[in-house]
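Written out below as structure tokens is the structure these notes cover.
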Amino acid sequence: MRPVRTRASFDVLVIGSGASGLAAAVAADRASARVGLATKTTVQACNSAKAQGGIQAAFGEDDSPEIHAEDVMRSSHDTANPRLVEVLTSEAASAIHWLEELGVEFTRSNGGYRLARCGGASRQRLLQVGDRTGHAITKALRDTFEAGSGAELAHHELVGLQLGSSGWTTSFQTKDGVVEINAGAIVLAAGGRCYAEAENRGELSTNHPNATGEVTRIAVASGAETRDLDALQYHPNGGAWPATMQGYSIPETTRAYGAVLLNADGEEFTDSLGPRDAVSQAIFDEVEKGKGVLTPDGRPAVWLDTTRITPEDAEISLPYMLRRYRSAGIDPLTEPIYTYPVLHYQNGGLVIDERAETTLEGVFACGEIAGGTHGKNRMMGNSLLECTVFGRRAGRAAEERSRA
Ligand SMILES: Cc1cc2nc3c(=O)[nH]c(=O)nc-3n(C[C@H](O)[C@H](O)[C@H](O)COP(=O)(O)OP(=O)(O)OC[C@H]3O[C@@H](n4cnc5c(N)ncnc54)[C@H](O)[C@@H]3O)c2cc1C
């Protein structure tokens with residue numbers, strides 16, 4: 001691996017080092033492209049590494065890619081692109097095996113994967129690596145890329161994108177000024193914009209500070225089409241108290257393993273495993289009706305009764321969450337915790353086809369920056385899957401394009 005400080009040129013230039021960018025970079029490198037991986041700050045900085053809950057794939061005996069696809073379409077209220085959904089769900093198993101080949105060890109039980117049911121799903125389909133799934137996936141992808149022949153360009157913030165006579169020219173703000181890099185094909189994998197959006201709204205967000213959305217704006221300025229960009233997702237279970245947990249996303253697997261939402265009177269007021277938009281709205285409505293609770297610092301909240309999770313499930317699938325709350329003086333297995341929705345995910349994004357190509361020839365997009373796979377409402381666990389499935393596709397297609 002070699003650091004690049006001056007003007008350079010690559011077959012495939014990937015922008016962003018989250019799960020989708022890393023998957024694209026690994027796939028393009030394995031296809032023998034000369035790959036550059038440019039990223040705004042450090043290579044480790046991204047939302048993907050913060051993902052805890054898990055990744056969906058239809059491995060259950062009563063499950064299939066078709067049932068998975070039906071769940072996605074229903075959760076999206078039929079706004080997702082059915083062809084992208086078919087690709088997502090039919091390649092899920094091979095994406096999991098690819099990640100395993102790269103070193104990810106999914107939690108297993110009874111001789112198979114430990115599968116949980118997540119919100120909006122009709123089957124148990126969520127694979128986990130404890131509750132640090134995103135960390136495990138990004139680490140394996142990063143280690144694989146760094147063992148290959150690609151170049152990492154940390155502290156390269158994309159500021160411009162222009163079509164030239166033999167491919168694309170990109171401009172980056174670096175510590176040494178603006179640097180231009182040419183590439184035969186570009187993969188945009190710069191994530192969503194919920195951190196910036198939450199700052200504008202004065203709200204909490206689960207997102208990494210680099211999730212600011214400027215790469216989408218740069219692509220749009222070059223003529224790329226978008227869809228569903230207005231549809232931002234609230235995670236139903238933001239941590240609301242103690243203060244150190246504000247903006248933390250309490251894994252949805254707490255509800256998969258038995259936790260339920262309760263109002264001030266201790267009543268269940270919604271299906272705790274409904275689709276995300278429905279659960280978040282139910283919490284907003286309950287608080288609006290005056291049936292919520294207030295945190296010690298006066299924030300609106302409801303209860304998440306985590307005492308219903310068995311200690312065994314918690315130790316296997318929620319160890320990080322337990323550790324964080326216990327170190328803040330609260331044991332979720334003996335007392336319920338305060339929760340309220342937080343801004344979490346950009347459902348829409350750049351329009352892509354099934355090869356992950358945007359409406360700009362030679363510019364591909366994958367992960368949260370791309371739209372269509374989730375329509376206006378993503379199911380939990382389908383983002384890491386999308387990053388892997390469409391990241392791989394984008395890397396391979398970009399390598400082909402760079403040779404054309
Ligand atoms: C707390 C949390 C928990 C989650 N849990 C789950 C889960 O359990 N399951 C699931 O499926 N999904 C989960 N998600 C969603 C999922 O993790 C993300 O949507 C997904 O990982 C996004 O991956 P990405 O590669 O598209 O973007 P990111 O991982 O956000 O990476 C974007 C990259 O682009 C870089 N970048 C940004 N702007 C620029 C620029 N101008 N120039 C260069 N580089 C730039 C960033 O620095 C970063 O490296 C969770 C998200 C969060 C925040």
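Compute from the Cα atoms of the stretch 1-113 the Rg and the Dmax, the latter being the longest Cα-Cα distance, and quote both in angstrom.
Taking only Cα atoms of the stretch 1-113, I get Rg and Dmax of 17.3, 54 Å.
For the ranges 301-311, 24-34, 228-238, what's the packing order if you count other beta-carbon atoms within 10 Å of each residue, average per peptide, and put the highest first?
Highest-to-lowest ranking by the protection proxy: 24-34, 228-238, 301-311.
Can you give the alpha-carbon Rg of the stretch 201-307 over 2.2 N^0.38 Å, where N counts its residues?
The reported ratio for this selection is 1.27.
Using only alpha carbon positions, build the gyration tensor of the stretch 93-232, then give the equivalent ellipsoid semi-axes as the square roots of 5 times its eigenvalues, largest first, whole angstrom.
Taking √(5λ) for each eigenvalue gives 33, 22, 15 Å, largest first.
When the gyration tensor of the stretch 322-377 is built from Cα positions, what are the square roots of 5 times its three eigenvalues, in whole Å, from largest to smallest?
40, 12, 8
Can you compute the helix-only [θ] at 222 nm over the chain? Use -39500 (n - 2.57) per DSSP H run of at least 4 residues, normalise by all residues, nearest 500 deg cm²/dmol.
Helix contribution divided over all residues of the chain: -9500 deg cm²/dmol.
Report the Cα-based extents of the stretch 266-324 along its three principal axes, largest first, to the nearest Å.
Cα spread of the stretch 266-324 along its principal axes, largest to smallest: 37, 29, 19 Å.
Where does the chain land on Rg/Rh, using Cα atoms and the Kirkwood Rh?
With Rg and the Kirkwood Rh in hand, the quotient comes to 0.97.
Computed over the Cα atoms of the stretch 298-348, what is the ratio Rg over Rh, Rh following Kirkwood?
Over the Cα atoms of the stretch 298-348, Rg/Rh equals 1.04.
Cut-off 15 Å, label point 7 angstrom out along Cα-to-Cβ of residue 267: give me the residues of the stretch 296-324 whose amide nitrogen falls inside.
Those under the cut-off are 303.
Just the number please: accessible area per residue for the chain, 1.4 Å probe, all protein chains included, in Å².
38
Quick check: at a probe of 1.4 Å, how many percent of the accessible area of the stretch 270-404 sits on carbon and sulfur atoms?
Carbon and sulfur together cover 49 percent of it.
Expected output is a single nm value to one decimal: the length gained when fully extending between residue 44 and residue 354, i.e. 0.36 nm times separation in residues minus the C-alpha distance. What is it?
Answer, rounded to one decimal: 108.8 nm.
Taking the chain as a Gaussian network, Cα atoms linked when under 10 Å apart, which of 201, 132, 276 shows the biggest mean-square fluctuation?
So, out of 201, 132, 276, the one fluctuating most is 201.
Sort the following peptides by mean Cβ neighbour count (other Cβ atoms within 10 Å, averaged over residues), highest first: 113-123, 99-109, 329-339.
Those peptides, ordered most packed to least, come out 113-123, 329-339, 99-109.
Which shape class, rounded, prolate or oblate, goes with the stretch 348-404 when its Cα gyration tensor gives a ≥ b ≥ c as root eigenvalues, a/c under 1.5 marks rounded, and past that a/b bigger than b/c marks prolate?
Taking the square roots of the gyration eigenvalues as a ≥ b ≥ c, the stretch 348-404 is oblate.
Separation between the residue 176 and residue 64 pseudo-spin-labels, each 7 Å from Cα along Cα→Cβ, expressed in nm?
In this crude spin-label approximation the distance works out to 5.7 nm.
What nm value, rounded to one decimal, do you get for the distance between residue 220 and residue 200 when each label is placed 7 Å out toward the C-beta?
0.8
What number, in nm² with one decimal, is the all-direction average of the projected area of the convex hull of the alpha-carbon atoms of the stretch 141-180?
Working: hull surface 15.3 nm².
For the stretch 141-180, the mean projected area of the Cα convex hull comes to 3.8 nm².
Mean shadow of the stretch 71-168, computed from the convex hull of its alpha carbons, in nm²?
Its average projected convex-hull area is 10.2 nm².
Return the FRET efficiency for the residue pair residue 243, residue 320: r is the Cβ-Cβ distance, R0 is 22 Å, and the value is rounded to the nearest 0.05.
According to the calculation, E is roughly 0.70.
Under the classification rounded if a/c is under 1.5, otherwise prolate if a/b is larger than b/c and oblate if not, where does the stretch 164-241 fall, given a ≥ b ≥ c as square roots of the Cα gyration tensor eigenvalues?
Prolate is the answer for the stretch 164-241, as a/c is 1.5 or above and a/b outweighs b/c.
The values are calculated or read from the model by the stated rules, or taken from the named source; none is laboratory data. Keep in mind that this is a model prediction, so the values were computed, not measured. Counting neighbours? That spans all protein chains shown, and the Cβs are built from the backbone with ideal geometry, glycine included. For the accessible areas, the whole protein counts, side chains as well, though only heavy atoms, and no ligand, DNA or RNA atoms are used. Shrake-Rupley method; radii C 1.70, N 1.55, O 1.52, S 1.80 Å.
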